[in-house]
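The values are calculated or read from the model by the stated rules, or taken from the named source; none is laboratory data. The shown structure was predicted, so the numbers you read here are calculated from the model rather than taken from an experiment. We place every Cβ from the backbone using ideal geometry, glycine too, and count neighbours over all the protein chains shown.
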């Protein structure tokens, strides 16, 4: 049995766009002081993300977050929280749908459909197909993309659409190493 983790670990990778070349990466850690409560991950994960942010020397123009933005039951997920805390445009780009309804996008890469609020039908985000082929039931056809803050949905969808073969590995890879660096 693995020991219980007492630290949250986070990594940030700054990429060029649209080339997706790595410019810089950083890591951060913070004590896990907040329990796991679905829908409230900001309170658990933000301290580690902000620690990784503090180590960056290059400031990106926009954050593409492995998190939900406004497509969240409370309308304000981790991507939105980060955008407000850092005063930076953010895009929530999650691997699974937390909230909202949609049709499947057409099979062609780059196609999208609206992600809508289940009660009022307002557009929360987009389901953007980032690859042409997928295995039904084993992989999702598309990431769920929603505005975090300070960015229009069209710009968010355009930022996610061109990414080849799904999102860059660095964005989903987790910590760059098992121990956060100690460099100041």
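Some points to look at:
- When segment 82-94 is filtered for residues that are touching a strand residue (DSSP E or B) at 6+ places or on another chain (Cβ under 8 Å) and either assigned to a loop (DSSP other than H, G, I, E, B) or more than 19 Å from residue 127 (Cβ to Cβ) (or both), the ones remaining, listed by number, are 82, 83, 84, 86, 88, 89.
- Of the residues making up segment 36-51, those that are in a helix (DSSP H, G or I) and either in contact (Cβ under 8 Å) with a residue 60 or more places away in the chain or over 15 Å from residue 66 (Cβ atoms) (or both) number 4.
- Applying the set (1) at pLDDT below 80; (2) within 20 Å of residue 14 (Cα to Cα); (3) outside any loop (DSSP other than H, G, I, E, B) to residue 154 leaves exactly one unmet item: (2).
- In segment 110-123, the residue that is nearest to residue 155 (Cα to Cα) out of those that are assigned to a loop (DSSP other than H, G, I, E, B) and without any contact (Cβ under 8 Å) to a residue 24 or more places away in the chain is 111.
- Exclusive hit being at pLDDT below 75, surrounded by 15 or more Cβ atoms within 10 Å (Cβ to Cβ) and either within 14 Å of the chain's Cα centre (by Cα) or on the phi > 0 side of the Ramachandran plot (or both), set 145, 90, 169, 130: 145
- Flag for residue 19 being over 19 Å from residue 151 (Cβ atoms) and either touching a strand residue (DSSP E or B) at 6+ places or on another chain (Cβ under 8 Å) or touching a residue at least 40 places away in the same chain (Cβ under 8 Å) (or both): no
- Scope segment 8-21; condition modelled with pLDDT of 85 or more and more than 22 Å from residue 45 (Cβ to Cβ); matching residues: 16, 21
- Count - residues of segment 52-80 that are in a helix (DSSP H, G or I) and within 16 Å of residue 10 (Cα to Cα): 6
- Filter result (more than 13 Å from the chain's Cα centre (by Cα) and farther than 19 Å from residue 28 by Cα) within segment 57-74: 61, 73, 74
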